[in-house]
Amino acid sequence: MTRMKWPPDLPSPVQPVHWSLTVECGIKMWVKRDDLIHDWVSGNKYRKLKYNLQKVKNSEYKGILTFGGAFSNHLYAVAGVCKLEGIASVGIIRGDGFDPANPTLAFYKSAGMKMYFVSRTEYRSITDDIIQNILINYPDYLIVPEGGSNEDGVLGASEIMHEFYSQCDIQPDYVLVAGGTGGTAAGILQSLKPSTALRVYGALKSDYLIQEIHRLSRLEQLPSGFRYYPETIFGGYARWNQELLDFITEFESETGIEIDHIYNAKLLYAFKEHMKNGVIPSGSRVLWIHTGGLQGKAGLRYRMHKKQNSGIVH
Ligand SMILES: Cc1ncc(COP(=O)(O)O)c(C=O)c1O
């Protein structure tokens, strides 16, 4: 089913998750389906772009300029939202160049995004001459950081829990969310009731994100129930193996909920371990925020196909 209504219908649904493992472990689980918000601007991307978009519409800005990789959910959503709103978009992309077979890049292009490809080293340094020479051409564009995790992004993400509390009276003990640049977790922290603990499952190996979430949340202290788990199971950002792919297939067929391999599958896999070893104790009530990222499934198929054809076994 396609979801193209713009602006989208909110609130996003809250549903019970029918997963036998939660029953075995004595855990009640619900999901907030932000993945259903919109096909182009899905999940936490809608949340983080909402106020950035408002800023562009209410000002003299001519467009949005932002950053990301060749498979980025964020760039995909920026390209999509700008097309829906008739706003110009520019992407500074970490990557080798345009490949029309890459479905994510093909979407950026079809949505009208102006693309600049830079090397990984250049990408890491915003002060690099190459990036500065691009930025100089767009003085009247709103510059949004990678992942959309600026102040307006955090404000939008804070609405996830406000919306949840106003749509149902479930009182979760734990909220689970995936972490990449930290803005979503920071927004959730701003609006979480003190009786609920936030568990952030990182997509990256490093635990640098703890400081970033703290900084973006503007809280004096991270609450005692906050925990961050870096990605130590599958080897880091965007890496996968057959075990992860099998887990995705099983989870999707059992629950009927599609998940991406970079963020939500890894969260759920680590959560599965936490249920089994009692890190999340029996009797707990858990709310998982589904942050979308499903466009990445086409990107994964493309990458698998490329690997097969190059003879590399992952
Ligand atoms: C699908 C998905 N889930 C979760 C995240 C992590 O969100 P954040 O970058 O705000 O930590 C991202 C990336 O930003 C994402 O694309």
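Bear in mind that the values in this text are calculations on the coordinates, not laboratory data. Being a predicted model, the structure only gives us computed values, none of them experimental. FYI the Cβ positions are ideal-geometry reconstructions off the backbone, even for glycines, and counts take in every protein chain you see.
Along its principal axes, region 170-242 has C-alpha extents of 38, 28, 17 angstrom, given from the largest down. In this structure the amide hydrogen of Met29, modeled in the peptide plane, comes within under 5 Å of the amide hydrogens of Val17, Val286, none closer than 5 places in sequence on its chain. Exposure proxy ranking for Met115, Met1, based on other Cβ atoms within 10 angstrom of each Cβ and starting from the fewest, stands as Met1, Met115.
Within straight-line reach of Lys272, meaning a Cα separation under 30 Å, sit the following lysines at least 8 residues removed in sequence or on another chain: Lys28, Lys32, Lys45, Lys48, Lys193, Lys205, Lys297, Lys307. Relative to the longest principal axis of the Cα atoms of the chain, the long axis of helix 151-167 lies at roughly 30 degrees.
Working value for region 44-148: equivalent-ellipsoid semi-axes of 20, 17, 12 Å, each the square root of 5 times a Cα gyration tensor eigenvalue, largest first. From most to least packed by mean Cβ count within 10 Å, the peptides 160-166, 193-199 give 160-166, 193-199. Would you please name the chymotrypsin sites (Phe, Trp or Tyr not before Pro) within region 169-232 that are DSSP coil residues with at most 14 other C-beta atoms within 10 Å of their C-beta? Within region 169-232, the qualifying chymotrypsin sites (Phe, Trp or Tyr not before Pro) (loop, at most 14 other Cβ atoms within 10 Å) are Tyr208.
Taken one residue at a time, the phi angles of region 171-181 give Karplus couplings (6.51, -1.76, 1.60, θ = phi - 60°) of 10, x, 7, 10, 10, 10, 8, 7, x, x, 10 Hz. Gly and Pro are set to x.
With the charge dipole of the chain set up from +1 on Lys and Arg Cβ and -1 on Asp and Glu Cβ about the Cα centre, the Cα lying farthest toward the positive end among the listed residues Gly296, Tyr116, Pro11 is that of Tyr116. Across region 217-222, coupling constants 3J(HN,Hα) worked out from phi with the 6.51/-1.76/1.60 Karplus curve, θ = phi - 60°, read 6, 6, 7, 4, 9, 6 Hz, and Gly and Pro carry x. Measure nothing but the geometry: give the 0 to 90° angle between the long axis through the Cα atoms of 44-57 and the longest principal axis through the Cα atoms of the chain, rounded to 10°. Here the helix axis deviates by roughly 40 degrees.
Overall, region 44-148 carries a charge dipole of about 480 debye about its Cα centre when +1 sits on the Cβ of Lys and Arg and -1 on the Cβ of Asp and Glu, all other atoms neutral. Diagonalising the gyration tensor over the Cα atoms of region 210-313 and scaling each eigenvalue by 5 before taking the square root yields semi-axes of 28, 18, 13 Å, largest first. Sites listed here are trypsin sites (Lys or Arg not before Pro) in region 1-72 whose DSSP assignment is loop and whose Cβ has at most 12 other Cβ atoms within 10 Å: Lys5. Computed from the Cα positions only, the extents of region 265-314 along the three principal axes stand at 47, 22, 8 Å, in decreasing order. Legend: ranking of residues Trp240, Trp288 from fewest to most surrounding C-beta atoms inside 10 Å; resulting order Trp240, Trp288.
Under 5 Å between amide hydrogens, built in the peptide plane, is the criterion, and for Phe226 it picks out Leu198 among residues at least 5 positions away or on other chains. Once backbone amide H atoms are built at 1.01 Å from N, Gly179 has Tyr201, Gly202, Ala203 as its partners under 5 Å, excluding neighbours fewer than 5 places away on the same chain.
Against the chain, whose longest principal axis comes from its Cα atoms, helix 264-276 is set at around 20 degrees. Applied to region 121-126, the Karplus parametrisation 6.51 cos²θ - 1.76 cosθ + 1.60 on θ = phi - 60° returns per-residue 3J(HN,Hα) values of 5, 4, 4, 5, 10, 5 Hz, with x for Gly and Pro. Under the combined filter of DSSP loop state and at most 10 neighbouring Cβ atoms within 10 Å, region 48-138 retains these GluC sites (Glu not before Pro): Glu60. Take the convex hull of the alpha carbons in the chain; its mean projected area over all directions comes to 16.1 nm².
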